[in-house]
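Chemist: Once you've had a glance at the structure underneath, I'll fire off some questions.
The values are calculated or read from the model by the stated rules, or taken from the named source; none is laboratory data. In this text the structure is predicted, and so the values were computed from the model without any measurement. As a convention, Cβ positions derive from the backbone with ideal geometry for all residues, glycine included, and neighbour counts pool all protein chains shown.
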Amino acid sequence: MMRRSFAAGCLVASATTLVACAGNSTDQGANTVVSATASPATSAEATASVQVSVPPAPVQTGAEQVRFDPCVDVGDDLVTRAGFDPATRERATAEGVSTLFTTIGCQFWRETLVDGEKYPTGAVSVTSSDLTLDDFRKNPGHSIFNSDPIGGREAVLYRTPQLDGACTASIKSSDGTFTVGLIVPPGPVAVPPPCDQIRQIAETFSESLGTD
């Protein structure tokens with residue numbers, strides 16, 4: 001049975017912070033792995049190849065809609081190339097619609113087998129929002145360490161100081177921003193620090209944006 005060494009993947013990338021919740025759980029926890037045999041996504045907007053169906057995104061009520069939904073528009077090929085398991089596709093805990101901003105998207109896991117048991121070596125959230133890149137730049141909770149473009153788009157890479165195992169990249173998009181948040185949990189498997197990985201992972205996922 002797979003172990004989750006931190007809070008069953010309580011992974012939140014928002015305008016204010018990136019939050020990882022600590023704790024232990026198993027497959028029966030809040031982040032149950034979705035079966036790879038689930039029905040394919042049926043969204044009319046889905047153009048990517050996705051083998052796991054997910055619930056619809058939250059209903060948006062604003063005049064301006066977040067149109068790009070990473071849960072249906074980021075294909076399994078990109079998830080695999082980024083080093084994560086597409087069968088773990090599920091709605092991001094960061095999703096939400098409010099009068100201030102809208103965030104929709106997905107999260108994924110990667111795991112490694114150790115002594116016959118699978119241990120998580122990372123969880124990634126991929127979200128689209130109507131926040132601007134300046135919203136992330138000006139947020140006092142973010143410690144920006146790089147502003148080089150990603151995939152030809154403006155971007156910022158930042159740490160959340162109160163969280164040792166988290167790193168994030170926010171990229172300018174037609175909706176506002178496309179954000180990739182990585183959490184690396186403690187455990188028996190040695191992996192590079194999240195900020196050493198975030199650019200390459202974000203570059204891979206950003207390919208889903210095309211040339212919008």
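Chemist: Got a sec? Which of Ser128, Ser173 is within 21 Å of Asp73 (Cβ to Cβ), among the hydroxyl-bearing types (Ser, Thr, Tyr), surrounded by 20 or more Cβ atoms within 10 Å (Cβ to Cβ) and more than 13 Å from the chain's Cα centre (by Cα)?
Modeler: Within the list Ser128, Ser173, the selection yields Ser173.
Chemist: Which numbered condition in (1) surrounded by fewer than 24 Cβ atoms within 10 Å (Cβ to Cβ); (2) of a type in the set (Ser, Thr, Tyr); (3) farther than 20 Å from Arg67 by Cα is the only one that Ser98 fails?
Modeler: Status for Ser98: all satisfied but (3).
Chemist: Still on this structure, I have one more. Can you tell me which residues in region 131-162 are of a type in the set (A, V, I, L, M, F, W, C), surrounded by fewer than 17 Cβ atoms within 10 Å (Cβ to Cβ) and under 24 Å from Val66 (Cβ atoms)?
Modeler: Passing the criteria: only Ile144.
Chemist: Mind telling me which of the residues Val50, Val54, Val59 ends up being of a type in the set (Val, Ile, Thr), surrounded by fewer than 17 Cβ atoms within 10 Å (Cβ to Cβ), part of a loop (DSSP other than H, G, I, E, B) and at pLDDT 90 or above?
Modeler: Val59
Chemist: Shifting gears a bit: When residues of region 172-209 are filtered for being hydroxyl-bearing (Ser, Thr, Tyr), part of a loop (DSSP other than H, G, I, E, B) and in contact with a Pro (Cβ under 8 Å, 6 or more places away or on another chain), how many remain?
Modeler: 0
Chemist: Based on what the data block shows, is Thr121 crowded, with 23+ Cβ neighbours inside 10 Å, assigned to a strand (DSSP E or B) and not acidic (Asp, Glu)?
Modeler: Against the criterion (crowded, with 23+ Cβ neighbours inside 10 Å, assigned to a strand (DSSP E or B) and not acidic (Asp, Glu)), Thr121 does not qualify.
Chemist: Still on this structure, please answer the following. Can you find a residue in region 169-183 that is out of contact with any Cys (no Cβ under 6 Å at 6 or more places or on another chain), without any contact (Cβ under 8 Å) to a residue 12 or more places away in the chain and either at positive phi or of a type in the set (A, V, I, L, M, F, W, C) (or both)?
Modeler: So far as region 169-183 goes, no, none of its residues is out of contact with any Cys (no Cβ under 6 Å at 6 or more places or on another chain), without any contact (Cβ under 8 Å) to a residue 12 or more places away in the chain and either at positive phi or of a type in the set (A, V, I, L, M, F, W, C) (or both).
Chemist: Run Ile144 past the list (1) within 19 Å of Val184 (Cα to Cα); (2) over 17 Å from the mean Cα position of the chain (by Cα); (3) modelled with pLDDT under 95 and report the number of the one that doesn't hold.
Modeler: Failing condition for Ile144: (3).
Chemist: What number goes with the only condition from (1) touching a residue at least 24 places away in the same chain (Cβ under 8 Å); (2) at positive phi; (3) of a type outside the set (Phe, Trp, Tyr) that Asp115 does not pass?
Modeler: (1)
Chemist: Before we move on, is Pro149 out of contact with any helix residue (DSSP H, G or I) (no Cβ under 6 Å at 6 or more places or on another chain) and over 16 Å from Ile198 (Cα atoms)?
Modeler: no
Chemist: Restricting to region 158-171, give me the number of residues that are among the β-branched types (Val, Ile, Thr) and part of a loop (DSSP other than H, G, I, E, B).
Modeler: 1
Chemist: Considering only region 62-87, how many residues are of a type in the set (Ser, Thr, Tyr) and either surrounded by 23 or more Cβ atoms within 10 Å (Cβ to Cβ) or closer than 17 Å to Gly210 by Cα (or both)?
Modeler: Qualifying residue count, region 62-87: 0.
Chemist: Same structure again: Within region 183-212, can you find the residues that are touching a strand residue (DSSP E or B) at 6+ places or on another chain (Cβ under 9 Å), surrounded by fewer than 16 Cβ atoms within 10 Å (Cβ to Cβ) and within 24 Å of Lys172 (Cα to Cα)?
Modeler: Listed by number, the list holds a single entry, Asp196.
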